[in-house]
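Structure record follows, encoded as structure tokens.
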Amino acid sequence: MNKFEQMSMMVQSNNGYLFTSEVEKAGISRTYMLRYVKENGMEQASHGVYVTEDTWPDQLFIIQKSNPKVIFSGETAAYLNGLMEREYSEICVCVPSGHNGARLREKGIVVRQENAAIYGMGASEITTNYGNVVRAYNKERCFCDFVKNRSKYEVQTYQTAVKSYMRRNDKDLSLLIGYADALKIRDEVMKYVEVLV
């Protein structure tokens, strides 16, 4: 398989995206990559990210591929989990403590740092509206984050997310309580759980 065929396979497996990092990892020079991009009419969507003409740029997927340690959180995760009908007003991510989030903040992304013990708790793979897979907190972790950081959300956003979670048939209350214990918000979460019982 020649270099152009390798890049075509990458584009196909990434739903129309070509990432400089993946190309370089495969041992293909940037010169070949740029020639491939030009010959195939691809456009630059972001630094190191190219898309085919018929691909709608998926901002969340681009952020995830450019920043593998990012886990989508807050309103963004709530939207991805179906806890909110309207799209998030800002992109929220979580990174491990010590990770430099300056580049993300420069792009207007809300960055929250978590210690190692709770950073990965509730992280799951979720499909975006564009069909790409990203890492985001699951609905139980979202619920806990909303309760823990209640003052950071608009009242309507908070109420919508909390009520949507409580109405769901696929909620996992034992998992929710486990997360609440780890985040030290068990009493606040139990107020909502007791209303259900």
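The values are calculated or read from the model by the stated rules, or taken from the named source; none is laboratory data. These numbers come from a predicted model, not from an experiment. Note: ideal-geometry Cβ built from the backbone for every residue, glycine included; neighbour counts use all protein chains shown.
Tabulated data
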read-out	value
Asp54 vs. criteria of a type in the set (Asp, Glu), over 24 Å from Met166 (Cα atoms) and buried (at least 20 other Cβ atoms within 10 Å of the Cβ)	no
Selection from the range 39-71 of residues that are under 24 Å from Gly98 (Cβ atoms) and in a strand (DSSP E or B)	Ile71
Residues of the range 1-33 that turn out to be among the aliphatic types (A, V, I, L, M), exposed (fewer than 15 other Cβ atoms within 10 Å of the Cβ) and part of a helix (DSSP H, G or I), as a count	1
Options Glu90, Glu85, Glu75; residue that is in contact (Cβ under 8 Å) with a residue 24 or more places away in the chain, assigned to a loop (DSSP other than H, G, I, E, B) and in the same structural domain as Thr160 (by TED's automatic domain parsing)	Glu85
Test: residue in the range 38-57 that is of a type in the set (Val, Ile, Thr) and in contact with a Lys or Arg (Cβ under 6 Å, 6 or more places away or on another chain)	no
Selection from the range 73-92 of residues that are over 12 Å from Ala161 (Cβ atoms) and surrounded by fewer than 19 Cβ atoms within 10 Å (Cβ to Cβ)	Glu87, Ser89, Glu90
Filtered residue count, the range 93-105, keeping only those that are assigned to a strand (DSSP E or B) and surrounded by fewer than 19 Cβ atoms within 10 Å (Cβ to Cβ)	1
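So that you can scan it fast, the table gives a plain yes or no per residue for (1) closer than 18 Å to Arg186 by Cα; (2) touching a helix residue (DSSP H, G or I) at 6+ places or on another chain (Cβ under 8 Å); (3) not in a helix (DSSP H, G or I):
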residue	(1), (2), (3)
Val134	no, yes, yes
Phe143	yes, yes, no
Phe146	yes, yes, no
Thr157	no, yes, no
Val162	yes, yes, no
